[in-house]
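The structure appears below as structure tokens.
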Amino acid sequence: MSEGHAQPDSAPAAHRHGAPLLYLLRQPHVIGATIGFAAYNYVFYLVLTWLPSYLSMSLHVDLMHSALDTSIPWMVATVTDLLIGGWMVDALVRRGARPWLVRQAVLVGGLAFGMGIYGARFAHTPAVAVAWMSICMAGLGAMAPVGWSIPSFIAPRESVGRVGGIMNFATQIAAISAPVITGYFARAHNFGGSFALAAVVLAIGIAGYILGLGKLRVIPEPA
């Protein structure tokens with residue numbers, strides 16, 4: 001139970017249905033994890049929906065080259081997702097590193113690298129823009145697997161799905177908001193403003209992970 005894994009079937013009947021939703025919504029761990037992962041999803045969907053348009057509208061890249069340039073940050077994200085968020089985290093934990101510290105470092109470090117999106121506002125060539133976006137997506141790709149696993153480490157008995165649902169609801173709100181908000185900036189060809197806002201969102205996410213999530217302890221069960 002101290003590691004936040006699945007609970008045994010011999011659990012008392014009082015906890016068979018998990019912790020109440022309102023109880024979980026008041027927990028700092030849930031709030032911190034939700035804020036952090038919502039920040040990730042905001043920038044993820046900003047890049048997913050607007051990167052080709054940014055390259056075309058701001059840097060005058062034609063459609064074919066825009067598609068090619070757009071693929072580079074996603075390939076980088078795939079590599080960091082597998083190597084850092086997947087293999088490296090497990091390898092460090094197996095070798096005796098503190099599990100919470102490894103995961104927290106990847107979460108915070110990933111969002112910090114994600115703030116590379118801010119550098120794209122100063123790019124004057126497609127190559128520089130793609131480089132900054134690749135740094136951004138490298139960080140987001142690295143922390144994504146860890147972010148999704150957090151409910152299993154902090155949820156009380158029989159509540160992993162409920163914690164995951166809270167996080168997923170907030171991340172989908174962020175995913176809906178990012179393209180819409182960026183669209184308002186894009187109407188004035190002000191992608192720099194949207195990238196600056198994304199960096200602020202990621203800074204809030206980092207604060208959520210550090211101040212709210214902390215050491216990834218299991219949330220106490222309600223009395």
Tell me which residues, restricted to the range 149-163, are under 17 Å from G32 (Cβ atoms) and not in a helix (DSSP H, G or I).
A155, P156, S159
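One line per residue, one yes/no per condition, for (1) of a type outside the set (K, R); (2) touching a helix residue (DSSP H, G or I) at 6+ places or on another chain (Cβ under 9 Å); (3) within 22 Å of G116 (Cα to Cα); (4) surrounded by 15 or more Cβ atoms within 10 Å (Cβ to Cβ):
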position	(1), (2), (3), (4)
F37	yes, yes, yes, yes
V47	yes, yes, yes, yes
Y54	yes, yes, yes, yes
M64	yes, no, no, no
L83	yes, yes, yes, no
A91	yes, no, no, no
So, of the residues in the range 172-194 that are polar (S, T, N, Q) and assigned to a helix (DSSP H, G or I), which turns out to be surrounded by the most Cβ atoms within 10 Å (Cβ to Cβ)?
T182
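Listed here are the residues, each with its yes/no results for (1) surrounded by fewer than 22 Cβ atoms within 10 Å (Cβ to Cβ); (2) in a helix (DSSP H, G or I); (3) touching a strand residue (DSSP E or B) at 6+ places or on another chain (Cβ under 8 Å).
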| site | (1), (2), (3) |
| --- | --- |
| V128 | yes, yes, no |
| G147 | no, yes, no |
| A199 | yes, yes, no |
| G205 | no, yes, no |
| K215 | yes, no, no |
Residues that are in contact (Cβ under 8 Å) with a residue 12 or more places away in the chain, touching a Lys or Arg at 6+ places or on another chain (Cβ under 9 Å) and among the charged types (D, E, K, R): does the range 158-179 have at least one?
yes
Identify, by number, the condition in (1) closer than 19 Å to A199 by Cβ; (2) under 16 Å from the mean Cα position of the chain (by Cα); (3) in contact (Cβ under 8 Å) with a residue 40 or more places away in the chain that H29 doesn't meet.
(1)
Pick from R157, R121: which is under 19 Å from L202 (Cα atoms) and at pLDDT below 95?
R121
State which residue is surrounded by the most Cβ atoms within 10 Å (Cβ to Cβ) when the search covers only the range 95-126 and only residues that are among the small types (G, A, S) and under 15 Å from the mean Cα position of the chain (by Cα).
G114
Just checking, how many residues over the range 56-75 are more than 9 Å from M133 (Cβ to Cβ) and part of a helix (DSSP H, G or I)?
13
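The values are calculated or read from the model by the stated rules, or taken from the named source; none is laboratory data. Small disclaimer: the values here were computed from a predicted structure and weren't measured. Ideal geometry is used to build each Cβ from the backbone, glycine not excepted, and the neighbour counts take in all protein chains shown.
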